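Engineer: The structure follows.
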Amino acid sequence: MEPVLAGDLLWVDLGSTHRCLASTVLGGGLGAVRTWVNLRVPSDYARTDPGAHLAEVSAGLPGPVVGMLTAAPVDRFQDVTVGTARAFATVGLGHPIAAAGRRVVAGPREGTINLLVVIDAALTDAGLVGALQTAVEAKVQALADAGIEATNHAGLATGTASDAVAVACVPGAFVDFAGPATRAGSELARAVHRAVHAGCKAWDPRGS
């Protein structure tokens, strides 16, 4: 399970099919994943069929495929392992926002935080939802610890308007919980936090 860079495409073959919950344009929802892809696109990307685009560029990779888009450089990806959890992240902070911010602010589209988290726990459907919630909470904590301010609110950012996350786990479906008080959730959270925090520190606002 090693990340591969091929031009503007970052991909990871998990080696076998995993259960997955994802907020992605390709392979999103509750399903399965064998390969995760993260494609860098121009900041003025205008295709209206991103799922089809991702399917095109990932053709030939082992399926099922879960795919994300970003305008941030994918060669600055972060790869962090904590215990049996592993997090891959690309971090773009061109337009950090607070989810419930009160100001409407136009900004560059290089602002996307994409996450894949793989854990060695056979999560149930509810466990996958809990794991995804834990991952998002850890992302927000990382942004806060990095001091990333929101462009639409007088305070710290919680993410960007186009973030995506996928949580993959081994088959079996007998572990119901993955909150931060559990071993699986704690390891997941720390891996995500370290990956996103490192990505914040590595972010270049020039986007190059």
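Engineer: Would you please name the residue that is nearest to residue 72 (Cα to Cα), looking only at residues in region 194-208 that are of a type outside the set (A, V, I, L, M, F, W, C) and either buried (at least 24 other Cβ atoms within 10 Å of the Cβ) or at pLDDT below 95 (or both)?
Structural biologist: Going through the qualifying residues, I end up with 207.
Engineer: Next up: Can you report the number of residues in region 1-28 which are in a loop (DSSP other than H, G, I, E, B), touching a residue at least 12 places away in the same chain (Cβ under 8 Å) and farther than 17 Å from residue 169 by Cα?
Structural biologist: At the first step, the residues of region 1-28 found to be in a loop (DSSP other than H, G, I, E, B) are 1-2, 7-8, 23-25, 27-28.
From what is left, the residues that are touching a residue at least 12 places away in the same chain (Cβ under 8 Å) are 1, 8, 23-25, 27-28.
Subset that is farther than 17 Å from residue 169 by Cα: 8, 25.
Matching residues across region 1-28 total 2.
Engineer: Only one of 34, 40 is closer than 26 Å to residue 130 by Cα and either open to solvent by less than 50 Å² (accessible area, probe 1.4 Å) or modelled with pLDDT of 95 or more (or both). Can you tell me which?
Structural biologist: 34
Engineer: Could you list, ordered by first residue, the pairs with Cβ atoms under 7 Å in which the first is in region 187-202 and farther than 18 Å from residue 121 by Cβ and the second is among the charged types (D, E, K, R) and assigned to a helix (DSSP H, G or I), at least 6 apart or interchain?
Structural biologist: Note: pairs meeting the criteria are 196/139; 197/145; 202/76.
Engineer: Give the residue, chosen from 159, 127, that is under 26 Å from residue 39 (Cβ atoms) and either free of Cβ contacts under 8 Å to residues at least 12 places away in the same chain or not hydroxyl-bearing (Ser, Thr, Tyr) (or both).
Structural biologist: Details: 127 fails: under 26 Å from residue 39 (Cβ atoms).
None of the others qualify; the one that does is 159.
Engineer: Exactly one condition in (1) surrounded by 14 or more Cβ atoms within 10 Å (Cβ to Cβ); (2) modelled with pLDDT of 95 or more; (3) at negative phi is not met by residue 27; state its number.
Structural biologist: Evaluating residue 27 over (1) surrounded by 14 or more Cβ atoms within 10 Å (Cβ to Cβ); (2) modelled with pLDDT of 95 or more; (3) at negative phi leaves (3) as the failure.
The values are calculated or read from the model by the stated rules, or taken from the named source; none is laboratory data. Here the structure is a predicted model, which is why all the values come from computation and not from measurement. Cβ coordinates were reconstructed from backbone atoms using ideal geometry, including for glycine residues, and neighbour counts include every protein chain displayed. Please note that ligands, DNA and RNA were not included when accessible areas were found on the heavy atoms of the full protein model with its side chains. Shrake-Rupley method; radii C 1.70, N 1.55, O 1.52, S 1.80 Å.
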